[in-house]
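Participant: I have a structure I would like to understand better, so I am pasting it below and will then ask my questions one at a time.
The values are calculated or read from the model by the stated rules, or taken from the named source; none is laboratory data. The shown structure was predicted, so the numbers you read here are calculated from the model rather than taken from an experiment. Counting neighbours? That spans all protein chains shown, and the Cβs are built from the backbone with ideal geometry, glycine included.
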Amino acid sequence: MLKNYLLVAYRNLLRHKGFSFINIAGLALGLTACLLIGLFVHDELQFDQFVPDGSRIYRVYTQQTTTETPESHASVSPMFATTLKQEFPEVEQTMRILMTGASLNLLQAGEKKIYVEDGLIADSTFFGIFQLPFKYGSPTGALDGTSSVVLAEEVARNFFGDVNPVGKELKINSTTVVVKGVLQSGLDKFHLKINYIIPLAAAQLPQQRMSNWGWQQFYTYVKLKPGADVRQTQAKLRDYLTQKVQPTLSENDKLTSVPYLQPLHEVHLYSSSFKYDSSVKGNITYVKALGVIAGFILLIACFNFVNLATAKSMQRAKEVGIRKTIGASQQQLMLQFLSETVLLTLVSVVLAAVLTSLLLPVLNDFTGKKMAFDLLRNPALLGLLAVLTLVVGLVAGFYPALVLSSFQPVKVLKSAVVTDGIFGRVQWLRHGLIVVQFALSVFLIVCAFVVFQQVSYLHNKDLGFNRDQIMFFPMRGENMNKQYETFKNELRQVPGVVAASIGYGFPGDQVAGDGLIVPTNGEKKEYPTTQLMVDYDYIKTLGLQLVAGRDFSKELTTDKDHAFILNETAVREFGLGTPQQALGKTVQWPVWNDKNPDSLKVGKIIGVVKDFHYKSLYDRLEPAVLQIFPGAYWKVAVKLKGTDVGSAVEGVKQVWTKFSPENPIEYRFLDDNFDEMYKAEDKLKSLLWVFTGVAIFVGCLGLFGLATYAAERRKKEIGIRKVLGADVSSIVALLSKEFMVLVVVAAVIAFPLAWLAMSRWLQDFAYRIDMPLWAFGVAGLLAAAVAFLTVSYQAIKAATANPINNMRVN
Amino acid sequence: MLQINHLEKIYRTEEVQTKALNNVSFTVQEGEFVAIMGPSGCGKSTLLNIIGLLDEPDGGTFTFAGTDVTHVTERRRAELRKTHIGFVFQSFNLIEELTVAENVELPLIYLGVGATERKEKVQRVLEKMQIMHRRNHFPQQLSGGQQQRVAVARAVVNSPRLILADEPTGNLDSSNGNEVMELLTELNEAGTTIVMVTHSEHDARYAHRVVRLLDGQVVLENVRV
């Protein structure tokens, strides 16, 4: 019996090639999109799943209570680990990693010197928390002492080739360390990027700092004992802070945040808004959005099938009549039609699997992942495809099978062409499905436009400074740091260099925060303020605009120790009146100086700069202060002329080599820093375009098929109308109207949903575009235009055909 | 074999009621060959559909081989159709995606006959209908007469007790038409009961008797031709 079904199904596929193509191509494309997205989502969800005892590991983070909207910080005080270990019996182990920012360190073994980033400075308990697999050496005691290092396999191979390097020496900057172990490669699904790990003890941080609740410089992990309840531990920790810690702190040092214990498995996906977090971050919103889009596309492809199958049912009606007359039951016929759909789905799934293997390298390249789609080595994947075939086949095939198998032989066998009356009841369904398809497409188009607009805005918004052609690098080597003034002067002599500035706190790079003491209403109040440690050329190099007062001047000796420049936000938030009124007011800053913690730098406000964005546009502008403080200088920004950048860069390199011959230069351009911040959004934008395109294309395939059948069905009517004098355009309008109405309904449904979704997405950005109304108009028009083009091809064909032939249909 | 008493069938549209069959009564004996004649729209096909258990009457009773089948379930009707009734249509009604042999095999598949037996039966009937050489062709590759022979082969492959033929020669030229009528006569002589709807006086002559319908009523019966 099944053989007979499949035989008929196979011959049907061949006989109705156009129909089969539309269905198979649509389903295959839809399934490919789903498989690719599915692989991506699966990969994202796999983060940290391989870590043994992962369900007992938590990361400590804090949520600020003083900020307008709650702000989560991944780096916390070193005291959390100490307290959790000492005071909480349910804690098995704690571990801290020092937050160092994205800095490059020069590693050297023998003659080989390479800059390496992503080095961790961690407690020796690191491998007690994260039991990572070792290739060489053993995790036990690997981070003991002050001169050990554990290397990633790739780094080890770079320096030592394929031999076991355990016991060999390596220099990090100028410190000599001994290799204690090598991690196995393939840690790409771990939330920490590791090139090497050195013990925290090597950093020799002063005890006074390590017992400070205000120094939030550590990523902290806790492993609980089996059976411990994390909610209780979290509650107890908060109680401990309020009852035991807060009373011991001075008024200025009081804690302004609440601690949370974040499950390890959530670190990767649920920390996208965290500040001071250097882990490899995903974004659960984007993962979910992609999942939804995959569902949309599959739905559109399934709807195509339902629509075409029911539209085409007129052609199958006779067969149903014959089979029933001969004695087939409705169940048998349903089974027949379902097996046809499953067969068709199977063909699509096979095609989709091939397409997926072909396209996966592109996706891997795009996402920087190493996803595999190896059916032979992964039986689970094969099983998944089988389930997918059955589910899609049954879902798409059920309704058409029900409709087809319920035909009455008496009605369908009599006439050569079955009248539309019998099929009227499926008309509403077909129309409903088209509306849903187009609503989904319009929704995606609007989203794509809005995301495109916002991303362009992120890249092109006037940041308040000139970010173009600024070469950027850290100073290296004792000589360069000591003679930074001479170094800067020589840089300025290089042809093609416009200006150069040395400091700490450049836009797009890390910035420091500290309190600034401002007299308000006779009281001294300390405000958290971004500290930009600058030189006399900072404002000039970046092209900042002064709205009041003046720039720092070398000629005025007091500027070095007694002058501050604020940004507009600081003036406003400190209540200093207008920028003009703020000039001359006195502010104080507790100097970064370990020898005398109480020393204050007192000075006057000599200028106010127009607000400029030194962080990403996710972050609201904060009060910032510019001051001359050479003690913190370590980054260099060199502004180049627009013409002949190449030779200017060469010149800068030569000056570098003169001052620091032992270190190779590692530079980048400042605008790259900014572009990097929006990488996730850039990718979202590209993915949205691609998948929106797929969704529209698949939807149009279906619409094209339906238009074909609509034209077929109304052939006779068109013939009669033409004989009576209708022209081509009126017939095209007649046929297109039916579908255009549906597109309008779809747009009406999609617009508010897209508005809601996009408003929520835009909320995440401190600086965002207004909802672009044109996106809705254009999306609607685009959908209508695509639908019209698709339908009108068939309409014109029908309208220009010889009416006499058309009228012979019955 | 067939007992039809006071049969009524009414077609309703929104505004008009049409009586397709009005108090129709007649019987068909086992082994008889009966022709039903009458002008277009007189209710011939409606009557044949009810006899073939494809349609239900609105009044009266219908007894098939001693059993009252006026209002039995669709499942039971399908069961009776596939075991006892063979159909031959004016427009042949072959499934275009199936070959000659596969079309003939279909009723046996629905009856649950084993593969070997199916093969034998199909071969036997195709030989009998002299269409064996065309067994692997598709319907659209055959002439009208050949197609109708296939349709007859399909109707008789499971040896039904009753064959219902709805204008079996309507789409054929006279020589092909005669061939099909000869086939039906042979089957009837072998014991199969045949009820045939026809417009053609010529074809009706093959039958033992003719039932004439007009406006849904039997106007003449038992006329031996």
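Participant: Can you find a residue that is of a type in the set (A, V, I, L, M) and either more than 30 Å from A:ALA396 (Cβ to Cβ) or free of Cβ contacts under 8 Å to residues at least 12 places away in the same chain (or both) anywhere in the range A:478-493?
Facilitator: Among the residues of the range A:478-493, at least one is of a type in the set (A, V, I, L, M) and either more than 30 Å from A:ALA396 (Cβ to Cβ) or free of Cβ contacts under 8 Å to residues at least 12 places away in the same chain (or both), which makes the answer yes.
Each row is one residue, and each column tells you yes or no for (1) in contact with a Phe, Trp or Tyr (Cβ under 8 Å, 6 or more places away or on another chain); (2) in a helix (DSSP H, G or I); (3) closer than 30 Å to A:SER272 by Cα; (4) more than 14 Å from every other protein chain (Cβ to nearest Cβ).
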{"site": "A:ASN4", "(1), (2), (3), (4)": "no, yes, no, no"}
{"site": "A:ALA9", "(1), (2), (3), (4)": "no, yes, no, no"}
{"site": "A:ASN23", "(1), (2), (3), (4)": "yes, yes, no, yes"}
{"site": "A:GLY26", "(1), (2), (3), (4)": "yes, yes, no, yes"}
{"site": "A:ALA33", "(1), (2), (3), (4)": "yes, yes, yes, yes"}
{"site": "A:LEU39", "(1), (2), (3), (4)": "yes, yes, yes, yes"}
{"site": "A:GLU44", "(1), (2), (3), (4)": "no, yes, yes, yes"}
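Participant: Scan the range B:181-225 residue by residue and report those that are in a helix (DSSP H, G or I), within 13 Å of B:ILE163 (Cβ to Cβ) and in contact (Cβ under 8 Å) with a residue 40 or more places away in the chain.
Facilitator: B:LEU183, B:LEU184, B:THR185, B:ASN188
Participant: On to the next question. Does A:LEU724 qualify as being surrounded by 16 or more Cβ atoms within 10 Å (Cβ to Cβ) and of a type outside the set (Val, Ile, Thr)?
Facilitator: So A:LEU724 does not fit the description; no.
Participant: Among the listed residues B:ILE36, B:ILE50, which satisfies the condition of being facing chain A (nearest Cβ under 10 Å) and under 14 Å from the mean Cα position of the chain (by Cα)?
Facilitator: Being facing chain A (nearest Cβ under 10 Å) and under 14 Å from the mean Cα position of the chain (by Cα) holds for just one of B:ILE36, B:ILE50, which is B:ILE50.
Participant: Based on what the data block shows, is A:VAL446 at pLDDT 90 or above and crowded, with 20+ Cβ neighbours inside 10 Å?
Facilitator: yes
Participant: Sticking with this structure for a sec: Can you find, within the range A:667-719, the residue that is surrounded by the most Cβ atoms within 10 Å (Cβ to Cβ) among those that are among the polar types (S, T, N, Q) and at pLDDT below 85?
Facilitator: A:THR708
Participant: Would you list the strands (runs of 3 or more DSSP E) that sit entirely within the range A:142-253 and hold 2 or more residues that are of a type in the set (Phe, Trp, Tyr) and surrounded by 15 or more Cβ atoms within 10 Å (Cβ to Cβ)?
Facilitator: Hits in the range A:142-253: A:218-224.
Participant: Starting from residues that are within 18 Å of B:ASN158 (Cβ to Cβ), touching a Pro at 6+ places or on another chain (Cβ under 9 Å) and surrounded by fewer than 20 Cβ atoms within 10 Å (Cβ to Cβ), keep the ones in the range B:63-94 and report whichever is farthest from the other protein chains (Cβ to nearest Cβ).
Facilitator: Result: B:HIS84.
Participant: So is A:LEU299 surrounded by fewer than 24 Cβ atoms within 10 Å (Cβ to Cβ), within 14 Å of chain B (Cβ to nearest Cβ), in contact with a helix residue (DSSP H, G or I) (Cβ under 8 Å, 6 or more places away or on another chain) and at pLDDT 85 or above or not?
Facilitator: no
Participant: While we're looking at this one, here's another question. What are the residues in the range B:101-153 that are within 21 Å of B:GLU186 (Cβ to Cβ) and not in a helix (DSSP H, G or I), if any?
Facilitator: B:MET129, B:GLN130, B:ILE131, B:ARG135, B:LEU142, B:SER143
Participant: Further, regarding this structure: Does B:ARG77 qualify as being at pLDDT below 90 and within 19 Å of the chain's Cα centre (by Cα)?
Facilitator: Here the answer is yes, as B:ARG77 does meet what is asked.
Participant: Right, something else. Being loosely packed, with under 15 Cβ neighbours inside 10 Å and not aromatic (Phe, Trp, Tyr) is the filter here; which residues of the range A:1-46 pass it?
Facilitator: Hits for the range A:1-46 are A:MET1, A:LEU2, A:LYS3, A:LEU7, A:LEU14, A:ARG15, A:LYS17, A:GLY18, A:HIS42, A:GLN46.
Participant: Considering each of A:SER279, A:SER273 in turn, give the residue that is assigned to a loop (DSSP other than H, G, I, E, B), outside the structural domain of A:ILE129 (by TED's automatic domain parsing) and surrounded by fewer than 19 Cβ atoms within 10 Å (Cβ to Cβ).
Facilitator: A:SER273
Participant: Of the residues B:GLY191, B:GLY144, B:GLY216, only one is within 27 Å of B:ASN5 (Cβ to Cβ) and surrounded by fewer than 21 Cβ atoms within 10 Å (Cβ to Cβ); which?
Facilitator: Testing whether each residue is within 27 Å of B:ASN5 (Cβ to Cβ) and surrounded by fewer than 21 Cβ atoms within 10 Å (Cβ to Cβ) leaves just B:GLY191.
Participant: Now, a different point. Can you name the number of the only condition in (1) in contact (Cβ under 8 Å) with a residue 60 or more places away in the chain; (2) surrounded by fewer than 19 Cβ atoms within 10 Å (Cβ to Cβ); (3) over 25 Å from A:PRO590 (Cα atoms) that A:GLY651 fails?
Facilitator: If we test A:GLY651 against (1) in contact (Cβ under 8 Å) with a residue 60 or more places away in the chain; (2) surrounded by fewer than 19 Cβ atoms within 10 Å (Cβ to Cβ); (3) over 25 Å from A:PRO590 (Cα atoms), just (2) comes out false.
Participant: Just checking, does the range B:90-104 include any residue being within 19 Å of A:GLN408 (Cβ to Cβ), touching a residue at least 24 places away in the same chain (Cβ under 8 Å) and hydroxyl-bearing (Ser, Thr, Tyr)?
Facilitator: Yes, the conditions are met somewhere in the range B:90-104.
Participant: Of all residues in the range B:100-117, which are within 9 Å of another protein chain (Cβ to nearest Cβ) and among the hydroxyl-bearing types (Ser, Thr, Tyr)?
Facilitator: Passing the criteria: only B:TYR110.
Participant: Assess whether A:THR557 counts as being modelled with pLDDT under 95 and either surrounded by fewer than 21 Cβ atoms within 10 Å (Cβ to Cβ) or of a type in the set (A, V, I, L, M) (or both).
Facilitator: Yes: the conditions hold for A:THR557.
Participant: Starting from the range A:156-168, take each residue that is under 14 Å from A:GLU111 (Cα atoms) and list its partners that are acidic (Asp, Glu), counting only C-beta distances under 9 angstrom and pairs at least six apart or across chains.
Facilitator: Short answer, once both residue conditions are applied: none.
Participant: Are there helices (runs of 4 or more DSSP H) fully within the range A:310-423 with at least 1 residues that are under 29 Å from A:LEU684 (Cα atoms) and more than 14 Å from chain B (Cβ to nearest Cβ)? List them.
Facilitator: A:330-367, A:379-405
Participant: To continue, here is another question. If we scan the range B:6-13, do we find a residue that is aliphatic (A, V, I, L, M), touching a residue at least 12 places away in the same chain (Cβ under 8 Å) and more than 9 Å from every other protein chain (Cβ to nearest Cβ)?
Facilitator: yes
Participant: Sticking with this structure for a sec: Just to be sure, is A:ALA309 touching a residue at least 12 places away in the same chain (Cβ under 8 Å) and within 24 Å of the chain's Cα centre (by Cα)?
Facilitator: Against the criterion (touching a residue at least 12 places away in the same chain (Cβ under 8 Å) and within 24 Å of the chain's Cα centre (by Cα)), A:ALA309 does not qualify.
Participant: Now a separate question. Evaluate the range A:118-130: report whether one residue or more is β-branched (Val, Ile, Thr), over 29 Å from A:PRO474 (Cα atoms) and either loosely packed, with under 15 Cβ neighbours inside 10 Å or touching a residue at least 40 places away in the same chain (Cβ under 8 Å) (or both).
Facilitator: The answer is yes, given that some residue of the range A:118-130 is β-branched (Val, Ile, Thr), over 29 Å from A:PRO474 (Cα atoms) and either loosely packed, with under 15 Cβ neighbours inside 10 Å or touching a residue at least 40 places away in the same chain (Cβ under 8 Å) (or both).
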